[in-house]
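Only one structure is covered here, and it is reproduced in the block below.
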Amino acid sequence: MIPSAVRNKEGGILTLPYERTRAIIQTEAFLIELSKDKSLPDEKRQEARRLLRHYPSRKDVLLAGEIEERLTAGTIFTPMLSSKEEYVETTPIPPSQIEHTAAQEHARDDVQMLSDDDSQQEITIAIWRAAIELFGGDRTAADKWLHSEALALDWKRPIDVMQEDAQQVMDLITRLERGVYT
């Protein structure tokens, strides 16, 4: 059974985790279709491929939903995503959009995309910005945190961990922003 719409205090409909999950998954399928559509200008197809390069896969989104559901179980918090496949499948997606593994890999590995060095630099900048935002714009505090050992990173410094696993540092920043004790 799919949950019915939830309304906020003003009477507006809130987006439920399964709706958000479905939208993200369907957006990936839509971008894949755009990247393959020869009737579109090259710039549009390239932009779709560029967006897909770092877009979460269906599996990633459902896993994130499962993790959030576990972390928020028994708390006052609600997950942003859902791990429930049956909720995601409520709106049929054409098979041409679901069976996309080869097209997705092609789009994500497009040779015209950023080099690994450029991509790593963008990731590093994104982590620095997120850390600065975490500390309310205080660059000194963010720098100190990035260069200090963190329990959640097995007593490694975020600045060192982000070179090998940037996602782990971003996940930690997200948990800290949400008040999850780590």
statement: Computed from the beta carbon distance with a Förster radius of 25 Å, FRET efficiency for residue 171 and residue 15 to the nearest 0.05 stands at 0.65
- request: List the lysines whose Cα lies under 18 Å from the Cα of residue 144, skipping any in the same chain that are fewer than 8 positions away.
  value: 156
query: Relative contact order (percent) for the stretch 114-182, with alpha-carbon contacts under 8 angstrom and 6 or more residues of separation?
result: 25 percent
- line: FRET efficiency for residue 63 and residue 180 from the Cβ-Cβ distance with R0 = 22 Å, rounded to 0.05, comes out at 0.80
task: With a point put 7 Å past each Cα toward its Cβ, work out how far residue 44 is from residue 27 in nm, to one decimal.
output: 1.9 nm
query: Quick one: if the Förster radius is 35 Å, what FRET efficiency do residue 144 and residue 53 give, using the C-beta to C-beta distance and rounding to 0.05?
result: 0.60
field: Under 5 Å, built H, 5+ apart or other chain: amide partners of residue 150
entry: 155, 156, 157
message: Starting from the 7 Å offset along Cα-to-Cβ, what nm value, one decimal, do you get for the label separation of residue 122 and residue 75?
response: 3.0 nm
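Here, each number is a calculation from the coordinates, and none is a lab measurement. Here the structure is a predicted model, which is why all the values come from computation and not from measurement. Virtual Cβ from ideal backbone geometry, glycine too; neighbours counted across all protein chains shown.
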